[in-house]
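Novice: I have a structure I would like to understand better, so I am pasting it below and will then ask my questions one at a time.
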Amino acid sequence: MTKSAMRGALIVLEGCDRSGKTTQCAKLVEALNNMKIPAKKISFPDRSTPIGSLINDYLSRKIELPDRSVHLLFSANRWELEPEIRKQIESGVTLIVDRYSYSGVVFTSAKQCVDFKWCCGPENGLPKPDIVMFLKLSIGEMAKRSGFGDERYENIEFQNKVDINYDKFKNDNFIQVDAAQDVSILTNTLLEQVLKTIDTVKNQELDDLVLQ
């Protein structure tokens, strides 16, 4: 990237199931595009790829797979898009990402049969997000939302373990946002952080992810 080029930002929304990530990702992309800021949405898992198709069958309970192999499939799904992520960012497009490596680590390690540190390994080297916004929602509120329970991991006990695991990722670029507030207010809160981040990183190199 030349000094004259301004890159896009890599923005990640994380959170337990039904916390509103997909809705907010779409609203953020729409808001940025309306402001003439190039932005696109990416979701993980990307179920349109060959690996993503396997993941979809697993999540919808059509097939069974060992926990470690499932984790590696989710990670491989992110690596499938790694070249495209870097290309888009370097071309000036801001990417709004619905789930990323953090989800992979906290969900697998919540099963308590796979070590947290082992789960981090396959993620290292992927593009590092410029900011991760964790949408915090109580387990009770989550369970009330439409569609909760449709997929494999959507039960209260498991989601509680996932929520606790997310606490291990608190750092400078990992912030918590109240997901229980009004949808439009939440969008404005997130958009403020996104715009600030885009401006901060526009002349910086994209770092590599290191999880421990």
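The values are calculated or read from the model by the stated rules, or taken from the named source; none is laboratory data. Since the structure is predicted, the reported quantities are computational estimates derived from the model, not experimental observations. Glycine also receives a Cβ, built like all others from the backbone with ideal geometry; neighbour counts cover every protein chain displayed. Ligands, DNA and RNA are excluded from the accessible area calculation, which covers all protein heavy atoms including side chains. Shrake-Rupley method; radii C 1.70, N 1.55, O 1.52, S 1.80 Å.
Novice: Tell me what the chain gives for mean residue ellipticity at 222 nm when only DSSP H runs of n ≥ 4 count, each as -39,500 (n - 2.57), the sum divided by the residue total, rounded to 500 deg cm²/dmol. It would help to have the intermediate numbers written out before the result.
Specialist: Working: 8 runs with 98 residues, N = 212.
Helix-only estimate at 222 nm: -14500 deg cm²/dmol.
Novice: Using a simple spin-label model with points 7 Å from Cα along the Cα→Cβ vector, what separation in nm is obtained for residue 167 and residue 185?
Specialist: With each label point 7 Å from Cα toward Cβ, the separation is 2.6 nm.
Novice: Looking at 48, 58, 24, which one has the Cα that reaches farthest to the positive end of the dipole of region 14-79 (charges on Cβ: Lys, Arg +1; Asp, Glu -1)?
Specialist: The residue sitting most towards the positive pole is 24.
Novice: Something else now. Kindly express, to the nearest 10 degrees and within the range 0 to 90, the angle between helix 156-166's C-alpha long axis and the longest C-alpha principal axis of the chain.
Specialist: In the chain, helix 156-166 runs at an angle near 40 degrees to the longest axis.
Novice: Of all the C-alpha pairs in region 1-55, what % are more than 15 Å from each other?
Specialist: Every Cα pair in region 1-55 considered, those over 15 Å come to 62 percent.
Novice: Now for a different question. Can you tell me, using C-alpha contacts under 8 Å and at least 6 residues apart, the relative contact order of region 5-109 as a whole percent?
Specialist: So the answer I get is 51 percent.
Novice: Note the full-extension length gain between residue 62 and residue 26 as 0.36 nm times their separation in residues minus their Cα-Cα distance, in nm to one decimal. Provide the component values of the computation, followed by the final result.
Specialist: On the way: separation 36, 0.36 × 36 = 12.96 nm, distance 2.85 nm.
Separation in residues times 0.36 nm, less the Cα-Cα distance, equals 10.1 nm.
Novice: Which of 168/202; 40/128; 41/117 have a Cα-Cα distance over 24 Å?
Specialist: Working: 168/202 28 Å; 40/128 17 Å; 41/117 29 Å.
Listed pairs above 24 Å: 168/202; 41/117.
Novice: How tilted is helix 67-90 with respect to the longest principal axis of the chain? Cα atoms for both, answer in degrees (0 to 90, nearest 10).
Specialist: Result, in degrees: 10.
Novice: Considering only protein heavy atoms, what is the solvent-accessible area of residue 205 at a probe of 1.4 Å, reported in Å² to the nearest 10?
Specialist: For residue 205, the solvent-accessible surface is approximately 110 Å².
Novice: When the scattering of region 159-212 is computed by the Debye formula from its Cα atoms alone, each counted once and equally, what is log10 I(q)/I(0) at q = 0.12, 0.15, 0.18 Å⁻¹?
Specialist: Each listed q maps to, in turn, -0.42, -0.64, -0.87.
Novice: Just the number, please: carbon plus sulfur as a percent of the accessible area of region 69-113, 1.4 Å probe, no ligands or DNA/RNA counted.
Specialist: Numbers: 820 of 1460 Å².
Carbon plus sulfur share of accessible area: 56 percent.
Novice: Okay, next question. Calculate the length of the line joining the C-alpha centroid of region 39-64 to that of region 66-127, in whole Å.
Specialist: For region 39-64 versus region 66-127, the Cα centre distance is 13 Å.
Novice: Here is a follow-up. Go ahead and set up a Gaussian network model of the chain, Cα springs under 10 Å, then flag whichever of 36, 161, 87 fluctuates most.
Specialist: 36
Novice: Whole number in Å², please: accessible area per residue of the chain, 1.4 Å probe, ligands, DNA and RNA not counted.
Specialist: On the way: 10130 Å² over 212 residues.
Accessible area per residue, the chain: 48 Å².
Novice: What aspartates and glutamates could a cross-link reach from residue 87, if we take a straight Cα to Cα line under 20 Å and drop same-chain neighbours fewer than 8 places away?
Specialist: The qualifying aspartates and glutamates are 46, 98, 123, 130, 199, 205, 207, 208.
Novice: Right, another one. For residue 62, go through the lysines and keep the ones whose alpha-carbon is under 20 Å away, minus same-chain ones fewer than eight residues off.
Specialist: Once the sequence-local lysines are set aside, what remains near residue 62 is 111.
Novice: Give the peptides 19-25, 37-43, 96-102 in descending order of average Cβ contacts within 10 Å, highest first.
Specialist: On the way: 19-25: 20.9, 37-43: 17.4, 96-102: 23.9.
Result, highest mean Cβ count within 10 Å first: 96-102, 19-25, 37-43.
Novice: Out of the DSSP beta bridges found with both residues in the chain, what percent are antiparallel (nearest 5)? Numbers along the way, then the final one.
Specialist: Values: 2 of 20 bridges.
DSSP beta bridges in the chain are roughly 10 percent antiparallel.
Novice: Where does helix 50-59 land angle-wise versus the long Cα axis of the chain, in degrees 0 to 90, nearest 10?
Specialist: 50
Novice: May I ask you to derive the relative contact order of the chain, considering only C-alpha pairs under 8 Å and at least 6 residues apart, and to give it as an integer percent?
Specialist: Numbers: 329 pairs, mean separation 73.9, N = 212.
Once divided by the residue count of the chain, the mean separation gives 35 percent.
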